[in-house]
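The following block contains the structure, expressed as structure tokens.
The values are calculated or read from the model by the stated rules, or taken from the named source; none is laboratory data. Because the structure is predicted, anything quoted here is derived from the model rather than measured. FYI the Cβ positions are ideal-geometry reconstructions off the backbone, even for glycines, and counts take in every protein chain you see.
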Amino acid sequence: MSSQSSNAILAKARAMYGKCLKDTDYQSLTECKTVSEIAAYLKQRTNYSAVLSGLNENEIHRGQLEPVLRQNIYFDVFALSRYALEDTLAFSDFIISKMEIEQIIRCLMLVNIGKAEEYVYSMPLSLDKFSKISLKALASVRSYDDMMSVLKGTWYYSVMLGFRPKDNSKINITELEIALENKNYSKVIETMGEGKNKGDRKELRDIFSAMLDFENMSRIIRLKKYYDFTPEQIMPMLIPYGKLSNKMLSELCSAENVSEIFELSRTTYLGRLMSKLQYNDPTQMTDVMIYTYCRHHLRLSPNPTIVMISYVYLREIELKNIINLIEATRYGIPADEKSKLLIK
């Protein structure tokens, strides 16, 4: 049964990846002139047709479209989870926790701007069936303390305690999100030593460590570029795992700009991968690395956990491509410039 389940995950994930957007789809999407045209193409010509079937593409806007498209990823994760083995269950929980964190953060962002009641309009009901938290309860959240009440009894609660705002101040969304993500990573990393096959454990640790290094690089770039954080502020917010040494991470945090970050990275094991990549802007580098890394392992790895994780990350990048196209279309960016925003 273990072998059958493993083969089922491998076959199912690869078959689902075969239905993802192709170059011809991206070409057609870059030529769309409005968000409605993009929604219509996705509804009529792609694997997103099921989640978009009940929507009028002429009335939908960007804020509604993203959560609806994300439900397509949820459906696929749940489809793979049905075949989960003991070794892959922890990673199924990791993926579902990633999705729950997205919803917690989305809800709190709306609380921060005084529009908490709008969460109900983007609430992915498909996730509620598998989630450990009630999305319907999230829809009633109007404050940080309300969120704490909803999350009581989950591991999120202990993390949330350290970020309760004082004196009616705004919630520190960025630091809270990173703290929740780091706890989720630590939980799944703890399970890596529990597998029976030493070869599988090593392969899984190696691949996941690389993914954590990619994530840390992405955080460093984002926190420096968009939040102007100092090296001293960034270091505690990094994932305390991965192959990169603390010395290297400290040097990356101290870099003056994105180009210097990637120049420093060339002295690490990531340099070999980076030298083979093609990208249009340095800020795309981490997504390109994840895309290349995951596509390789989805196609070739015999490990069902690695294939499952790779598939989810590839779908996340596909969704990011679609959202970037939607934003670019809204601002009237030409098709040839929109194509440069894509990771593929």
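Can you go through ARG299, ARG272, ARG266 and tell me which one is surrounded by fewer than 14 Cβ atoms within 10 Å (Cβ to Cβ), farther than 24 Å from ASN184 by Cβ, modelled with pLDDT of 90 or more and not aliphatic (A, V, I, L, M)?
Numbers: ARG272 fails: modelled with pLDDT of 90 or more; ARG266 fails: modelled with pLDDT of 90 or more.
After applying the criteria, what remains is ARG299.
Follow-up. Inspect region 86-106 for any residue being surrounded by fewer than 17 Cβ atoms within 10 Å (Cβ to Cβ), part of a loop (DSSP other than H, G, I, E, B) and charged (D, E, K, R) and give the result as yes or no.
The answer is no, given that none of the residues of region 86-106 is surrounded by fewer than 17 Cβ atoms within 10 Å (Cβ to Cβ), part of a loop (DSSP other than H, G, I, E, B) and charged (D, E, K, R).
Let me ask something else. Within region 164-256, which helices (runs of 4 or more DSSP H) (wholly inside it) include 2 or more residues that are touching a residue at least 60 places away in the same chain (Cβ under 8 Å)? Don't jump to the end; show me each part of the working.
Numbers: elements: 173-190, 198-225, 231-234, 246-254.
It comes to 173-190, 198-225.
Of the conditions (1) on the phi > 0 side of the Ramachandran plot; (2) of a type outside the set (Asp, Glu); (3) touching a Ser or Thr at 6+ places or on another chain (Cβ under 7 Å), LYS132 satisfies every one except a single condition; which number is it?
That leaves (1) as the condition not met.
If I filter region 143-163 down to residues being of a type outside the set (Gly, Ala, Ser) and outside any helix (DSSP H, G or I), which single residue comes out as farthest from GLN71 (Cα to Cα)?
Taking the candidates together, the pick is PHE163.
Restricting the first residue to region 311-336 and requiring it to be of a type in the set (Lys, Arg), which pairs with a second residue that is surrounded by 15 or more Cβ atoms within 10 Å (Cβ to Cβ) and modelled with pLDDT under 95 meet a Cβ separation below 6 Å and a spacing of at least six or different chains?
If the second residue must be surrounded by 15 or more Cβ atoms within 10 Å (Cβ to Cβ) and modelled with pLDDT under 95, the pairs left are ARG315/ILE73.
So which residues in region 1-36 are loosely packed, with under 13 Cβ neighbours inside 10 Å, at pLDDT below 90 and not in a loop (DSSP other than H, G, I, E, B)?
The answer is SER2, SER3, GLN4.
Another question, if that's okay. Could you count how many residues in region 89-148 are in contact (Cβ under 8 Å) with a residue 40 or more places away in the chain, among the hydrophobic types (A, V, I, L, M, F, W, C) and under 19 Å from PHE163 (Cα atoms)?
8
Restricting attention to region 150-165, and to residues there that are in contact with a helix residue (DSSP H, G or I) (Cβ under 8 Å, 6 or more places away or on another chain) and of a type outside the set (Phe, Trp, Tyr), which single residue is farthest from LYS132 (Cα to Cα)?
Going residue by residue through region 150-165, those that are in contact with a helix residue (DSSP H, G or I) (Cβ under 8 Å, 6 or more places away or on another chain) are 150-151, 155-157, 159-165.
Next, only the ones that are of a type outside the set (Phe, Trp, Tyr) stay: 150-151, 159-162, 164-165.
On the way: VAL150: 11, LEU151: 9, VAL159: 16, MET160: 16, LEU161: 19, GLY162: 21, ARG164: 22, PRO165: 25 Å.
Filtering first and then ranking leaves PRO165.
Residues to consider are SER131, SER140; find the one that is of a type outside the set (Phe, Trp, Tyr), within 16 Å of GLU100 (Cβ to Cβ) and outside any helix (DSSP H, G or I).
The unique qualifying residue is SER131.
So, in region 43-58, how many residues would count as being in contact (Cβ under 8 Å) with a residue 12 or more places away in the chain and either farther than 17 Å from LEU29 by Cβ or not charged (D, E, K, R) (or both)?
8
Tell me yes or no: at least one residue of region 108-117 is of a type in the set (A, V, I, L, M), surrounded by 21 or more Cβ atoms within 10 Å (Cβ to Cβ) and at pLDDT below 85.
no
For residues that are part of a loop (DSSP other than H, G, I, E, B) and polar (S, T, N, Q), scanning just region 37-61, find the one that is surrounded by the fewest Cβ atoms within 10 Å (Cβ to Cβ).
Once the filter is applied, the top-ranked residue is SER53.
Something else now. Could you tell me whether region 62-79 includes any residue that is without any contact (Cβ under 8 Å) to a residue 12 or more places away in the chain, hydrophobic (A, V, I, L, M, F, W, C) and surrounded by 14 or more Cβ atoms within 10 Å (Cβ to Cβ)?
no
Within region 56-69, identify whether any single residue is of a type outside the set (Ser, Thr, Tyr) and modelled with pLDDT of 85 or more, and answer yes or no. Step through it out loud before you land on a result.
Of all residues in region 56-69, those of a type outside the set (Ser, Thr, Tyr) come to 56-69.
Remaining after also requiring modelled with pLDDT of 85 or more: 69.
Yes, region 56-69 has at least one match.
Quick one: how many residues across region 225-244 are surrounded by 13 or more Cβ atoms within 10 Å (Cβ to Cβ) and out of contact with any helix residue (DSSP H, G or I) (no Cβ under 9 Å at 6 or more places or on another chain)?
Total satisfying the criteria: 0.
Looking for whichever is out of contact with any strand residue (DSSP E or B) (no Cβ under 7 Å at 6 or more places or on another chain), in a helix (DSSP H, G or I) and surrounded by fewer than 21 Cβ atoms within 10 Å (Cβ to Cβ) here; the options are THR305, THR286, THR329, THR292. Which one fits?
THR292
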